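*Asks:* To start, I am sharing the structure in question, which I have written as structure tokens.
The values are calculated or read from the model by the stated rules, or taken from the named source; none is laboratory data. Treat the numbers as computed from the prediction; the structure is a model and nothing was measured. Positions of Cβ are generated from backbone atoms using ideal geometry, with glycine treated the same way; all protein chains shown enter the neighbour counts.
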Amino acid sequence: MPLAVTGSLQALETLRHFVDHLEEGVYVTSAEGDLLDANPALLGIFGVASLDELRRYRVQELWVEPARRAEELTILQREGRVRDFEIQLRRPGGDVRTVLDSCIATEDAESGRTLCFGILVDVTERRRTVQRLSLQSTAMEAVANAICITDSQGRIEWVNPAFTRLTGYGEAEALGRHTRILRSGVMPPSLYADLWRTVLSGRVWRGEMANRRKDGTLYDEEMTITPVPGPDGAPGHFVAIKEDVTERHRMEERLRDAQRLEAVGRLAGGVAHDFNNLLQAMLGVSDLLRSGALSPEEIGDHLDELEELFHRGGQLTRQLLLFSRREQPKVEACDLNTVVRDTAKLLRRLLRENVELRMELADEPLELVADRGQLGQVWMNLAVNAADAMAAGGTLTVRSGRCGEAHVWFSVEDTGHGISDEVRAHIFEPFYTTKQDHRGTGLGLSVVHGIVAGHGGRVEVASEVGRGSAFRVVLPAQGGAGSAAARSGVEARRVPRGKGERLLLVEDNDSVRRTFQRLLSGLGYQVSGVESAEEAEALRPVAPFDLLLTDVLLPGASGGMLAQRLKARWPELAVVFMSGYAEDELIRGDVADGGATYLQKPVDIEALGSAVRAALDVAR
């Protein structure tokens, strides 16, 4: 350096070597701002190749804000030094760098000139990083979705304000606590096991669950949990992004209800027609039996016919109840072909005469575990849409089959106008419809998609404008003993008889009560019949009753309440509930938890006798 310094040449060389290898820029300037010397790091800060190139510029030319230079010089003159003074310097190429300047002013012993010795630390990238992190933090604080960051054990380390709005837990309350504080107690343990298995393996978990707020209320949330790898590559933290979907679920349920009402309204006329036909046939058979002009063989044939008419009427009402009920899916082992055939009996009443229905179902049983009513609704919605696409008439074909061992399927195909690519992109959206004159709500296919997805299946669509459309519903198959009943049906067997047990029958319909009393008495039971819960509780029998057979809906107290009160009096009392009302499905779910038997009216003597006998045997 062109400075008067003391010390050995070796010491100066060592010092120079040290300065040249510093990552910080070191410089010497005159009091007027002329650059006298600099190390390579300072040249790098300014983006120049040599000291001579940098010397072409006076210091003040390189400052972005001259006022800041004046401020620094004032401090330097007053205190003789400046520490970490932040300035912005412009490189000769125009790029701006942010640096921290620390310098001292000293007098050169040889020349008497005032010199400035300084160090520049380039903090441009550091400042950008801080700004970026500040932006990210501000954004995470401001986003509408709740965000929760936990450690690898699930202990909460950071939450944003949206988390507090969603859960009710403030940041101070949540930090350090495990995310299980949000558990609702209604989700299956298998869901949490799958969640942890997924994220601990380093994969992203997505799903929905019901959680509980601080105030105890439940809400539904859609959540994505992303693992953040630690230094060893294993997940060290988890970031959960949560969205409240409670209202969306309520809307979806309302959409389903509205679609059911739309379909049930279209069914009403045809169903009434079929019921009137059934009643007419029953009345005719009854008149023939009353005439007295029939032989014993003819009487037997007409009684068989009457029983078949009863079963057809009961089957029709069951289909309507399954189709219109409001509850979570009631899954059971069934045959897809049977569901399609049963629903087709209702569907034929909806199709215009110029629409031909063809059924090409698989010869083998297609076993699955599903909600019969919801599958019937899917089939009917697809069929109604297909018929609407054939205003001038055409053919509606339903087929079924198996995809290997894992899946079964059925398809609904039409010869209508087809679906364009633009329309196909929106067909599963709620309220989207191409029907004119308010003939559709746009709910049918959105409901189809929701039901099929809820069963773990998918809907495949193939269509060509002018050539018709095909909707294929693929569902998980179910084999084994659970589906045997669906293949073979209920095996006919002799009605089991009673052994003199005492039965209390509570039924508010006089005709039904008298009929059941006669049937059960004929099977060897001692039957006491009353029409209300109050009458039942007022009885003072000599011996306890062995079984209560009661309708679910009764005047006054319900059948469930009556059963609880009577079991308190007779703990060994067996209970069989029965009903013919759709909304009793909700009550049935409550009473069935206690192990009681449920019968859906209408019920024949075989089902009635078997249920009573089985309930008595279990109670013993």
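*Asks:* Whether any residue in region 212-224 is in contact with a Gly (Cβ under 9 Å, 6 or more places away or on another chain), among the acidic types (D, E), in contact (Cβ under 8 Å) with a residue 24 or more places away in the chain and not assigned by TED's automatic domain parsing to the domain that holds G47 is what I want to check.
*Replies:* Yes, region 212-224 has at least one match.
*Asks:* Here's something else I'd like to know. Looking at region 72-112, which of its residues are over 19 Å from T124 (Cβ atoms) and among the small types (G, A, S)?
*Replies:* G80, A105, A109, S111, G112
*Asks:* List the pairs whose first member sits in region 293-312 and is over 28 Å from G580 (Cβ atoms), whose second member is modelled with pLDDT of 75 or more, and whose Cβ atoms are under 7 Å apart, counting only residues at least 6 apart or on separate chains?
*Replies:* Pairs found: L294/H302; I299/L289.
*Asks:* Here's another thing I want to ask about it. Which residues, taken from region 176-204, are among the hydrophobic types (A, V, I, L, M, F, W, C) and either over 18 Å from I241 (Cβ atoms) or part of a helix (DSSP H, G or I) (or both)? Steps first, answer last, please.
*Replies:* Initially, region 176-204 is screened for residues among the hydrophobic types (A, V, I, L, M, F, W, C), giving 181-182, 186-187, 191, 193, 195-196, 199-200, 204.
Matches in region 176-204: I181, L182, V186, M187, L191, A193, L195, W196, V199, L200.
*Asks:* Same structure, new question: Of all residues in region 49-79 being among the acidic types (D, E) and not in a loop (DSSP other than H, G, I, E, B), which is modelled with the lowest pLDDT?
*Replies:* Narrowing region 49-79 to residues among the acidic types (D, E): 52-53, 61, 65, 71-72, 79.
When the remaining residues are screened for being not in a loop (DSSP other than H, G, I, E, B), the result is 52-53, 61, 71-72, 79.
Details: D52: 84, E53: 82, E61: 74, E71: 87, E72: 83, E79: 88.
Filtering region 49-79 for residues that are among the acidic types (D, E) and not in a loop (DSSP other than H, G, I, E, B), the one modelled with the lowest pLDDT comes out as E61.
*Asks:* Additional query: For region 535-559, what are the residues that are surrounded by 22 or more Cβ atoms within 10 Å (Cβ to Cβ), more than 17 Å from A619 (Cα to Cα) and touching a Gly at 6+ places or on another chain (Cβ under 9 Å)?
*Replies:* Across region 535-559, the qualifying residues are D551, V552.
Conditions tested, residue by residue: (1) modelled with pLDDT under 85; (2) of a type in the set (D, E, K, R); (3) outside the structural domain of V340 (by TED's automatic domain parsing).
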{"residue": "V398", "(1), (2), (3)": "no, no, no"}
{"residue": "W409", "(1), (2), (3)": "no, no, no"}
{"residue": "I427", "(1), (2), (3)": "yes, no, no"}
{"residue": "T433", "(1), (2), (3)": "yes, no, no"}
{"residue": "G442", "(1), (2), (3)": "yes, no, no"}
{"residue": "G450", "(1), (2), (3)": "yes, no, no"}
{"residue": "E460", "(1), (2), (3)": "no, yes, no"}
{"residue": "G466", "(1), (2), (3)": "yes, no, no"}
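*Asks:* Can you tell which of A109, A105 is in the same structural domain as L22 (by TED's automatic domain parsing), out of contact with any His (no Cβ under 6 Å at 6 or more places or on another chain) and assigned to a loop (DSSP other than H, G, I, E, B)?
*Replies:* Details: A105 fails: assigned to a loop (DSSP other than H, G, I, E, B).
None of the others qualify; the one that does is A109.
*Asks:* For L306, all conditions in the list (1) modelled with pLDDT of 75 or more; (2) part of a helix (DSSP H, G or I); (3) out of contact with any helix residue (DSSP H, G or I) (no Cβ under 7 Å at 6 or more places or on another chain); (4) not β-branched (V, I, T) hold save one; what is the number of the exception?
*Replies:* Just one mismatch for L306, condition (3).
*Asks:* For region 135-149, check the following and say yes or no: at least one residue is β-branched (V, I, T), surrounded by fewer than 16 Cβ atoms within 10 Å (Cβ to Cβ) and over 35 Å from the mean Cα position of the chain (by Cα).
*Replies:* no
*Asks:* Only one of D301, D342, D371 is out of contact with any Phe, Trp or Tyr (no Cβ under 8 Å at 6 or more places or on another chain), modelled with pLDDT under 85 and over 29 Å from A477 (Cβ atoms). Can you tell me which?
*Replies:* Numbers: D342 fails: over 29 Å from A477 (Cβ atoms); D371 fails: over 29 Å from A477 (Cβ atoms).
Selected residue: D301, the only one of D301, D342, D371 that is out of contact with any Phe, Trp or Tyr (no Cβ under 8 Å at 6 or more places or on another chain), modelled with pLDDT under 85 and over 29 Å from A477 (Cβ atoms).
*Asks:* What is the number of the single condition among (1) of a type in the set (S, T, N, Q); (2) closer than 26 Å to Q136 by Cβ; (3) surrounded by 13 or more Cβ atoms within 10 Å (Cβ to Cβ) that Q153 does not meet?
*Replies:* (3)
*Asks:* Among the residues of region 115-124, is there at least one that is surrounded by fewer than 15 Cβ atoms within 10 Å (Cβ to Cβ) and either assigned by TED's automatic domain parsing to the domain that holds L22 or at pLDDT 90 or above (or both)? So that I can check it myself, show each step before the final result.
*Replies:* To start, the set of residues in region 115-124 that are surrounded by fewer than 15 Cβ atoms within 10 Å (Cβ to Cβ) comprises none.
No - not one qualifying residue is present in region 115-124.
*Asks:* Okay, next question. For region 156-213, which residues satisfy the criterion of being among the polar types (S, T, N, Q) and in contact with a Ser or Thr (Cβ under 9 Å, 6 or more places away or on another chain)?
*Replies:* Result: T179, N211.
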